[in-house]
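Peer 1: After the structure tokens below, expect a handful of questions from me.
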Amino acid sequence: MQKPIPANSNNLCTICTQHPATPKFHPFCSARCADVDLGRWLKGNYAIPGENAELPETDPEEDY
Ligand SMILES: [Zn+2]
């Protein structure tokens, strides 16, 4: 199991900027944020996440 990485102010998730990025999803903290970024690219704009996006699988280790 992958343990949480200690907070690093220089390595925060670029999406939520609340959680440290993980090597697995770098530069994001989780698949959720990575999916948000991907959705933005696919839409070609920065619409509000979740408005009309597919919900990513919930990571049991992530708890907002
Ligand atoms: Zn994040």
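Peer 1: For region 1-22, enumerate the residues that are of a type in the set (Gly, Ala, Ser) and either at pLDDT below 90 or over 16 Å from residue 36 (Cα atoms) (or both).
Peer 2: The answer is 7, 9.
Peer 1: Quick one: residue 40 ticks every box in (1) part of a loop (DSSP other than H, G, I, E, B); (2) over 15 Å from residue 2 (Cβ atoms); (3) at pLDDT 65 or above except a single one, so which number is it?
Peer 2: (1)
Peer 1: Looking at (1) open to solvent by 80 Å² or more (accessible area, probe 1.4 Å); (2) within 11 Å of the chain's Cα centre (by Cα); (3) at pLDDT below 90, find the lone condition where residue 56 falls short.
Peer 2: Every listed condition holds for residue 56 apart from (1).
The values are calculated or read from the model by the stated rules, or taken from the named source; none is laboratory data. Source: prediction; values computed, not measured. Backbone-built Cβ (ideal geometry, glycine too); neighbour counts: all protein chains shown. With ligands, DNA and RNA removed, areas are computed over all heavy atoms of the protein, side chains included. Shrake-Rupley method; radii C 1.70, N 1.55, O 1.52, S 1.80 Å.
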